Structures are given as structure tokens and as C-alpha cells.
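All remarks here apply to the structure that follows.
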Amino acid sequence: IRLSLVGSEMCIRDRYETRKLITMSKVIKTPSMLGMLGGGQLGKFFVEAAHRMGYQVTVFDPDQESPAGKIANDHICSSFSDKSALEIMINNCKAISTEFENIPSETIKYLEEKVRTHPNSEAISIVQRRIKEKEFIKGLELPIGPYEPIKSAELFSDFEDNKIFPAILKQSKFGYDGKGQYHVNSVSETKAVLNDSNENEFVLEKKLNLDKEISVVLSRSSDGVSKIFPVIENQHKEGILDLSIIPARVNDDLKKEAVAYALKIANNLNYVGTIAVEFFISNDKLYINEVAPRPHNSGHFSLDACNVSQFDQQVLCLTNDNLLDIILEKNAVMLNLLGDLWLKNGEVKTPNFSEIEGPSINIHLYGKNQPRAGRKMGHITVVGENTEDLIIKAEEIRSKLWEM
């Protein structure tokens with residue numbers, strides 16, 4: 001275990017201390033220790049939110065240099081299957097949450113039997129496999145695009161339905177940010193990918209003609225109360241989120257429909273915490289793409305544009321405190337910063353972010369040691385009144401960073 005001292009900003013905690021809590025006996029009080037499984041940027045933002053409220057945090061992550069582990073009070077550096085290390089978490093933490101869905105559901109199940117753990121293992125087990133996730137969504141009678149589950153290359157050998165092409169072949173497990181995804185145009189191309197892969201389970205999804213992509217980020221408490229962030233419009237490049245625009249430039253009926261679908265998913269998962277649901281819009285119709293049982297990249301705008309962030313709400317969910325009503329104080333555009341920006345011209349060089357600083361520009365770097373192409377190293381959120389002006393400003397910032 002590594003122990004470190006951290007500073008604290010008490011403005012949020014003061015706000016909570018002034019409220020009279022009806023269920024005070026059930027609320028985890030400061031300065032209790034909370035646990036976070038996973039040490040990436042989502043875990044880091046959780047740690048920062050918890051510290052502002054006056055909590056301590058133990059991060060469990062096998063990477064000694066994890067961003068969240070660097071600022072946590074304790075860092076347990078071990079495998080997620082190490083039960084002796086998990087016992088330390090159980091003994092030290094009043095409640096535990098997660099920052100990504102690929103933590104083994106068996107680990108979550110082991111923890112939740114002994115300590116308050118959110119989200120629950122059943123929800124994790126559903127959304128960490130695309131086949132199971134789609135079956136779950138389909139069972140709720142919610143709209144999804146045409147797809148074919150593939151449970152082995154052998155079982156796919158007799159497949160002949162060419163109507164599904166062009167399509168995207170996606171790994172059923174451990175796929176995110178475009179990883180484990182292949183564009184295929186025929187049965188033969190699909191078979192070639194399957195035969196070359198070490199994975200067994202895939203989902204073959206028909207490509208939709210996309211009007212837009214949006215996401216809904218919400219937080220749900222243990223008593224079933226949900227608070228919904230403004231609907232987000234997203235633009236991707238090579239499967240990785242590039243730009244988010246808030247509020248989304250889609251009609252109110254589609255926004256209401258998306259929120260209703262996201263709430264139905266969260267309620268039926270008996271989900272506690274912050275969750276995101278991604279949607280495609282095709283021919284003015286909504287189709288659910290996937291569910292992320294955690295705070296979401298597209299929700300980072302809330303750090304700078306809302307009165308409360310998705311991570312603040314995640315802490316409140318975990319501690320059984322009352323969720324706050326969400327106010328969008330300014331419109332926002334968020335630009336992702338990938339490792340490619342650090343690797344220009346064949347050398348590793350940190351961009352000079354001081355050249356783009358300004359009163360409406362919020363720069364968040366994640367503290368990752370090694371930049372890689374496609375790796376999320378940080379993000380920039382531009383806030384203001386006019387959405388179109390913010391988009392222009394974000395693109396100007398992008399161009400300036402690449403030119404320096």
C-alpha cells in the first residue's frame with residue numbers, strides 16, 4: 001500500500017454539511033475511506049471529487065503509475081483477482097465503486113457480499129459482454145440496430161445473410177474506443193477476421209446511416225432517484241470520442257426519448273452510481289449503441305459547465321447521500337486530447353498548453369506517463385453561450401496545438 005497526502009477544497013463538502021439529511025444513519029460520513037477499483041482518469045476524477053467532499057480514497061489498480069493511484073490516500077497495487085488484496089479493501093473501505101466495466105464481475109461479487117459495492121455484479125456482468133448487453137436491451141423492448149451474435153467461428157460457418165452488410169464486427173468482450181472492431185463487407189471478410197482472432201465471441205452489427213450520435217449520462221441513487229445531465233452530442237474518429245457538444249443539437253422529442261430509454265436501462269439493472277447510454281440517430285430514429293456502467297468520457301463537460309459533476313454524483317451515490325439537481329450553467333464543447341498529439345514528428349514532446357490558456361478554456365491532463373497513439377491523455381472543455389462559436393474555438397485550439 002502506498003500512502004500519500006493530498007490537498008482538499010472544501011466548498012462542495014460545506015454545501016453538503018448544511019443540508020439536513022433524512023437518512024443520516026445510512027449516509028457514509030466524512031472522513032471515511034472509500035474504495036475505487038481502477039486507477040485511470042475516471043478513477044482520478046472520482047478521487048478528486050471525494051477529496052473535495054472530505055473523504056479519503058483507496059485505489060485498487062495493478063499499475064503502480066496509475067493516475068488515480070498517484071493522488072489517492074492509499075494505492076493497492078495488485079491483480080483484481082487477488083483476494084488477499086481485496087480483503088484489505090474490504091477492511092479499509094466503507095464502500096467501493098468502479099471506474100471501468102472490464103473488472104471481473106466475480107471480483108465485484110466477492111466484494112459486494114462483504115462491503116457496499118456499486119455498481120452491482122449483475123449489472124457489470126451484463127454490460128461487459130456485447131452479446132449479453134444486446135439481449136438485455138432487446139428484452140426491454142428498446143430499439144437496437146440489426147445484429148448477429150457470433151459465439152464461435154465454427155457456428156458462423158453456415159451464415160449466409162448478406163443483408164447485414166456493410167457491417168462492423170465487434171469483440172463481445174474487452175472492446176472500447178474502437179478496439180476489437182473491424183469493418184467488414186461480406187461473409188468471407190467476416191470469416192477471415194474470425195479465423196485470425198484469438199477471441200471467440202463477436203457481434204456483427206449492420207452499419208446504420210448516421211444522422212448524429214448522442215449520449216445520456218445520469219446518476220441513480222440506491223432509493224431509485226435519478227438525476228440526468230443534459231443530452232450530449234458526440235463526434236467520433238476511428239471509434240474514439242473526438243468532440244462532445246452540450247447541449248446536443250437534436251430536437252426535444254428525441255432527447256426525451258433518449259432519457260426515457262436510459263432511465264429504463266438503469267432501473268432494470270438496479271444500477272446505483274453514474275451510468276452512460278450511447279445512442280445512434282438514423283433517419284430521425286434512436287438506436288441504442290451501448291451502455292457504460294461508469295462515468296463517461298462524454299460527461300467530462302460537467303466538471304466545468306455544471307453546478308455538479310458526474311463524479312460528484314458518483315460519490316454521492318456511493319455514500320448514500322442525496323443527489324443534487326443538475327444545472328447546466330454554460331454551454332460547452334469538449335475536445336479529447338490523444339497521445340498522437342505528444343508523438344508528432346517521431347518524437348515524444350509535451351504540447352505547450354500555456355499557449356492556448358484563456359478564461360473560458362479548461363485544460364484537464366490525466367497524468368499518464370506514456371503517450372500512445374489513440375490513448376486518452378487529457379481533454380479541453382470550452383464554455384460559453386453560443387454553441388457554434390464554441391465549436392469554432394475548439395477547432396482553433398486543435399489546429400494551434402497541432403501547429404506548435
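The values are calculated or read from the model by the stated rules, or taken from the named source; none is laboratory data. Note that the coordinates shown come from a computational prediction; the quantities given were computed from them, not determined experimentally. Reconstructed Cβ throughout: ideal geometry from the backbone, glycine too, with neighbour counts over all protein chains shown. What goes into the accessible areas is simple: the full protein's heavy atoms, side chains included, and nothing from ligands, DNA or RNA. Shrake-Rupley method; radii C 1.70, N 1.55, O 1.52, S 1.80 Å.
Of note:
- Violating pairs (Cα-Cα greater than 24 angstrom) within the set Lys132/Lys179; Lys206/Lys227; Lys256/Lys376: Lys206/Lys227; Lys256/Lys376
- For Asp325 and Asn267, a Förster radius of 25 Å and the Cβ-Cβ distance give a FRET efficiency of 0.85, rounded to the nearest 0.05.
- Distance (nanometres) between label positions extended 7 Å along Cα→Cβ at Ile363 and Lys29: 4.2 nm
- The Cβ shell under 14 Å around Glu233 holds other residues with a net charge of -3, Lys and Arg each +1, Asp and Glu each -1.
- Under the Karplus curve 6.51 cos²θ - 1.76 cosθ + 1.60, θ = phi - 60°, whole-Hz ³J(HN,Hα) for region 47-54, x wherever Gly or Pro sits: 4, 4, 5, 5, 5, 4, 7, x
- Percent accessible area from carbon and sulfur atoms, region 172-224, protein chains only, probe 1.4 Å: 39 percent
- Taking every DSSP helix (H) stretch of at least 4 residues in the chain, weighting each as -39,500 (n - 2.57) and dividing the sum by the residue count yields a mean residue ellipticity at 222 nm of -8500 deg cm²/dmol.
- Solvent-accessible area per residue, Å², over the chain with all protein chains present [probe radius 1.4 Å]: 45 Å²
- Between the entries (1) 50; (2) 27; (3) 11, the label attached to percent of Cα pairs over 42 Å apart calculated for this structure is (3).
- Carbon/sulfur fraction of accessible area - region 20-136, other protein chains in place, 1.4 Å, %: 50 percent
- Cβ-derived FRET efficiency at R0 22 Å, His236 paired with Trp402, nearest 0.05: 0.75
- Inter-centroid distance (Cα atoms) of region 121-178 relative to region 363-403, Å: 32 Å
- In this rough spin-label picture, where each label sits 7 Å from Cα along the Cβ direction, the Leu155-Glu257 distance is 3.1 nm.
- Under 14 Å from the Cα of Lys349 - aspartates and glutamates, other chains or at least 8 residues apart: Asp340, Glu403
- Estimated from the Cβ-Cβ distance and a Förster radius of 30 angstrom, the FRET efficiency linking Ser186 and Leu140 is about 0.40.
- Charge tally for Phe159 (other residues, Cβ to Cβ under 13 Å; Lys, Arg +1; Asp, Glu -1): -3.
- Percent RCO, i.e. relative contact order, over the chain, from Cα pairs under 8 Å lying at least 6 residues apart: 13 percent
- For region 214-313, the list of GluC sites (Glu not before Pro) that fall in a loop by DSSP and count at most 11 other C-beta atoms within 10 angstrom reads Glu238.
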